[in-house]
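The values are calculated or read from the model by the stated rules, or taken from the named source; none is laboratory data. Only a predicted model underlies this, so the values are computations on that prediction, with no experimental measurement involved. Because the Cβ atoms are built from the backbone with ideal geometry, glycine has one as well, and the counts that use them run over all protein chains shown.
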């Protein structure tokens, strides 16, 4: 099963040093029955993207809790056995928990399929070479503002929610696991 684990860059660096995501339990996101029902789609790619988006929001929450972390959302996609993933059926349709799963144990980083991270200047150069438009400055600013506005948005402030939603306007870029060293070095 493909599972999306939200992190920050410092947490990714720690995982790289330790060789694993953890320790458990970890909160992650996956295509759960609740997510399928909410998203109303049978297209697995759309459902996977929805789970990735939920994990990106989880990363934003981690950034809000760590003001010293670089303002980039980080999500690690890992492939693990279905039995290692646990969804709480009582929260399956809770809008705050859609797609949320628990991983009870640490996950070897070797099981990672990819890393998704907000753009930076180097990523913009790669994207331009591939004829893809990416604006790193806007992503960093919008993610920083969204992390600051998250508590107010959680409290029901519609303007703050608009700011938080602005981070979703920026796609996370895909990186191979071999590029983790480069991602954490910058």
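Observations on the model:
- Restricting the range 38-53 to residues that are within 20 Å of residue 115 (Cα to Cα) and free of Cβ contacts under 8 Å to residues at least 12 places away in the same chain leaves a set whose member that is nearest to the chain's Cα centre (by Cα) is 49.
Here is a yes/no grid of residues against (1) under 21 Å from residue 170 (Cα atoms); (2) surrounded by 13 or more Cβ atoms within 10 Å (Cβ to Cβ):
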{"position": "30", "(1), (2)": "yes, yes"}
{"position": "39", "(1), (2)": "yes, yes"}
{"position": "51", "(1), (2)": "yes, yes"}
{"position": "57", "(1), (2)": "yes, yes"}
{"position": "76", "(1), (2)": "yes, yes"}
{"position": "81", "(1), (2)": "no, no"}
{"position": "88", "(1), (2)": "no, yes"}
{"position": "93", "(1), (2)": "no, yes"}
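- If you go through the range 95-109 and pick out every residue that is surrounded by 20 or more Cβ atoms within 10 Å (Cβ to Cβ) and not in a helix (DSSP H, G or I), you end up with 6.
- Filtered residue count, the range 81-94, keeping only those that are more than 23 Å from residue 150 (Cβ to Cβ) and not in a strand (DSSP E or B): 8
- Among (1) without any contact (Cβ under 8 Å) to a residue 12 or more places away in the chain; (2) crowded, with 18+ Cβ neighbours inside 10 Å - the single one residue 7 does not satisfy: (1)
- From 35, 12, residue being within 19 Å of residue 177 (Cβ to Cβ), touching a strand residue (DSSP E or B) at 6+ places or on another chain (Cβ under 9 Å) and touching a residue at least 24 places away in the same chain (Cβ under 8 Å): 12
- In the range 133-166, residue surrounded by the most Cβ atoms within 10 Å (Cβ to Cβ) [restricted to those that are modelled with pLDDT under 90 and either closer than 29 Å to residue 110 by Cα or touching a strand residue (DSSP E or B) at 6+ places or on another chain (Cβ under 9 Å) (or both)]: 139
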